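All remarks here apply to the structure that follows.
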Amino acid sequence: MVDMTEQRCTEPLLNQKHIATCHFFDNSPFAVFRSTLDGAEIINANGKFFELFGLTREEVLGKPFLGHYAAPTQRDSILRTVNENGHIVDAEVQFIHKNGEVRDCLASVSVFKEEGILEGMLLDITERKRTEAALLGTMALYRDFVEGTSDLVTQVDARGRFLFVNRNAERYFGWSPAECVGKFAFDFVHPDDRQKTLAAFQEWVGSCTESVTFENRQISRTGEVYDMLWTINLSYDDEELKQVNSIARDVTLQRRLLNEQIKNQKLESLGVLAGGIAHDFNNIMTGIVGSISLARVSLDSHERVSELLARAEGACQRATTLSNQLLTFAKGNRPVKKLVAAKALITSSISHALKGSKTRTMINSADGLWDLEADEGLMVQVLCNIMINASQAMQGEGVVSIALENTVLDKSNEYSLQPGPYVRFSFSDTGCGIPKDSLRRVFDPYYTTKATGSGLGLASAYSIVCKHDGHISVDSEEGVGTTFIVLLPASSCQVHAEPSLVQRQAPAKQIDGPILVVDDEEIIRNLAKEALQKLGYEVQTCSSGEQAIALYHAAMAAETPFAVVVMDLTIPGGMGGGEAARRILELDPSAVLVVSSGYSNDPILAEYARFGFSAVLPKPYSPTDLEEVLAELTQKSSLDEV
């Protein structure tokens, strides 16, 4: 007899283990299988295995395992990775589902060579792989966006040191992205903004602010300064700052344009004031200047009285200059343009600005310099102001270097000017330079650092250049010197202008016929009448456009037409020069009309010929100015007769 006691005791335990093993095999979340060593036959597999391949038990058991590989060579590759214990752990393998879909799996296999079998588990990681691929794609897109944007993207740790910067670090910091990592972010803030920015940052951190937008100036290693608009996100961990993510946009150009706009608004405000007082002021000054000039002529034998009148006349001329400077700001006060040689402007400006000064000039003018369409009087005023400032900066000595050259601006030019041909004027001195605080205000009205300055010289220069559709800028360094740059549009009609500015001369002969003066100010009518009578002319005067039309019509009927009509453009309460001129030209298309005004926002002054006028006589004017206008008309008449 055989003692079966122990066997009977262990059988229940073995049955329990077998049941547990079968339970695990059938219900495992892994695809479990057993096959022959060569994969020729699948001996057993669980439900998850059948699900993985989309097959039934009958389609799997007894069939070769090799046919399920996406790439049959994978089997040999996997078997070569068997470790010394006969196991393969987490090998990535691809299988083919019944519907043709490729499934990615992690395979863990045990090799039993003596028994000639393989046992293994497969974990389907297809969805995980897809998610990883999508994530990698998203990260690649994010990386492309971060590196492709024109903005500066940074990450900073809680200590304020860079963790990451995109490739724009090269431009804004002067260091490569790798070189920036670990550097203190606030070292790149402009010194003048550093303390303010750091204090604001500490305040944001203290209040646990999450998102902030602010603006400051950054300075690169090479010294370039950029205005940057920052949007930052502060990341916290239990109220403790963890990381700062930032995007900064370069707004340097926008700030420059905004400053130009603010400057223009200041000038426009001044222009409103100027326009409001200029007409009356210039009418008064015309009467004063004219009266003094006539008095001097009458008192040549009285030396002391003549000297006093000369002083008074000089003071009036200075007041006139101030008035004209104010008028340059007036909206609508457009320049009277004509073809001008650029070098002639320089020559004339030097003779006016540096007369009696020890300051010398060195001119470097490019060949084939283009001509300009400009108001030569206003442009001489601009260039004189610049050269006077240069001379004063060098205490009346030294050399002003002047360069003239042609240049063509494209659509994206830094000055925001219309694209096309320009003439570039450059004026450089070796004077004391302009302090940084003053440099940004040099073109502001009434701003001056000189005890005797009015603060209108450079402001009027700025306004005049803008009205010529040009640009003026300044660069300076204390103790080194200052450079002014003026850009003016070149003329579209490149017929060479006169080599020098035209100087008016006394008429070779008088105008044949009477002259009519139209002005609402009695003192101006009387002044013009007396001055013209001294020149030998017959003169009539009136105070309105309606009277001028009636007188002109009567003169034509009497066959004694007026040779010239000097007409005030603005007559309060009556018909002004513009409408009266149109009516007179309807009566007589050959009428010779001179427009006179102290101020108007009407385009007639700038384009007088288009409205039928033959010349312009700006107020205030003297008898000499009146005589010179008649000389100009006489010269035109002589040319017409040739």
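Would you confirm whether or not the stretch 213-227 contains a residue that is closer than 16 Å to Val153 by Cβ and surrounded by 13 or more Cβ atoms within 10 Å (Cβ to Cβ)? Checked against the condition, which is being closer than 16 Å to Val153 by Cβ and surrounded by 13 or more Cβ atoms within 10 Å (Cβ to Cβ), the stretch 213-227 yields at least one hit.
When restricted to residues that are under 18 Å from the mean Cα position of the chain (by Cα) and at positive phi, the stretch 466-491 contains 1. In this structure, Pro435 does not qualify as over 26 Å from Val616 (Cβ atoms), surrounded by fewer than 16 Cβ atoms within 10 Å (Cβ to Cβ) and in contact with a strand residue (DSSP E or B) (Cβ under 6 Å, 6 or more places away or on another chain). When the stretch 232-260 is filtered for residues that are at pLDDT 85 or above, β-branched (Val, Ile, Thr) and under 24 Å from the mean Cα position of the chain (by Cα), the ones remaining, listed by number, are Ile247, Val251. The conditions of being over 27 Å from the mean Cα position of the chain (by Cα), among the polar types (S, T, N, Q) and in a loop (DSSP other than H, G, I, E, B) are met by Gln395. Tell me which residues, restricted to the stretch 538-550, are aliphatic (A, V, I, L, M), assigned to a helix (DSSP H, G or I) and buried (at least 18 other Cβ atoms within 10 Å of the Cβ). Within the stretch 538-550, Ala548, Ile549 qualify. Taking residues in the stretch 222-237 that are more than 21 Å from Ser176 (Cβ to Cβ), and partners anywhere that are surrounded by fewer than 12 Cβ atoms within 10 Å (Cβ to Cβ) and of a type in the set (Lys, Arg), the pairs with Cβ atoms closer than 7 Å and at least 6 places apart or on different chains are Ser235/Lys242; Tyr236/Lys242.
Take the conditions crowded, with 18+ Cβ neighbours inside 10 Å, under 30 Å from Ala295 (Cβ atoms) and modelled with pLDDT under 90 and apply them to Leu535. Does it pass? No: the conditions fail for Leu535. Scanning the stretch 64-72 for any residue that is modelled with pLDDT of 75 or more and not hydroxyl-bearing (Ser, Thr, Tyr) turns up at least one such residue.
Per this entry, Ala497 is counted among residues that are modelled with pLDDT under 85, touching a strand residue (DSSP E or B) at 6+ places or on another chain (Cβ under 7 Å) and crowded, with 18+ Cβ neighbours inside 10 Å. Among the conditions (1) surrounded by 21 or more Cβ atoms within 10 Å (Cβ to Cβ); (2) modelled with pLDDT under 75; (3) outside any loop (DSSP other than H, G, I, E, B), Ala319 misses just one, which is (1).
Of the numbered criteria (1) in contact (Cβ under 8 Å) with a residue 12 or more places away in the chain; (2) of a type in the set (Asp, Glu); (3) farther than 20 Å from Ser235 by Cβ, the one Asp157 fails is (3).
Looking at the stretch 31-49, which of the residues that are of a type in the set (A, V, I, L, M, F, W, C) and surrounded by fewer than 19 Cβ atoms within 10 Å (Cβ to Cβ) is farthest from Gln94 (Cα to Cα)? Result: Ile43. In the stretch 121-136, is there at least one residue being surrounded by 15 or more Cβ atoms within 10 Å (Cβ to Cβ), touching a Ser or Thr at 6+ places or on another chain (Cβ under 7 Å) and outside the structural domain of Ala45 (by TED's automatic domain parsing)? Looking through the stretch 121-136, none of the residues is surrounded by 15 or more Cβ atoms within 10 Å (Cβ to Cβ), touching a Ser or Thr at 6+ places or on another chain (Cβ under 7 Å) and outside the structural domain of Ala45 (by TED's automatic domain parsing). Selection of the stretch 378-436 for residues being closer than 18 Å to His471 by Cβ and touching a Lys or Arg at 6+ places or on another chain (Cβ under 6 Å) yields Glu405, Thr407, Pro419.
The rows are residues; the columns are (1) closer than 20 Å to Trp370 by Cβ; (2) at pLDDT below 85; (3) assigned by TED's automatic domain parsing to the domain that holds Leu378; (4) in a strand (DSSP E or B).
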{"residue": "Asn413", "(1), (2), (3), (4)": "yes, no, yes, no"}
{"residue": "Tyr422", "(1), (2), (3), (4)": "yes, no, yes, yes"}
{"residue": "Ser438", "(1), (2), (3), (4)": "no, yes, yes, no"}
{"residue": "Ala508", "(1), (2), (3), (4)": "no, yes, no, no"}
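Please verify whether the stretch 182-192 includes one or more residues that are assigned to a helix (DSSP H, G or I), under 30 Å from Asp444 (Cα atoms) and outside the structural domain of Cys466 (by TED's automatic domain parsing). Yes, the stretch 182-192 contains a residue that is assigned to a helix (DSSP H, G or I), under 30 Å from Asp444 (Cα atoms) and outside the structural domain of Cys466 (by TED's automatic domain parsing). Note on the stretch 83-137: among residues that are under 21 Å from Asp38 (Cβ atoms) and acidic (Asp, Glu), the one that is modelled with the highest pLDDT is Glu119. Only one of (1) among the small types (Gly, Ala, Ser); (2) surrounded by 21 or more Cβ atoms within 10 Å (Cβ to Cβ); (3) touching a Gly at 6+ places or on another chain (Cβ under 9 Å) fails for Gly598. Which number is that? Going through (1) among the small types (Gly, Ala, Ser); (2) surrounded by 21 or more Cβ atoms within 10 Å (Cβ to Cβ); (3) touching a Gly at 6+ places or on another chain (Cβ under 9 Å) one by one, Gly598 breaks only (3).
The values are calculated or read from the model by the stated rules, or taken from the named source; none is laboratory data. Bear in mind that the values here come from a model prediction, so they are computed numbers and not experimental data. In this analysis, Cβ positions are derived from the backbone assuming ideal geometry, glycine residues included, and neighbour counts consider all displayed protein chains.
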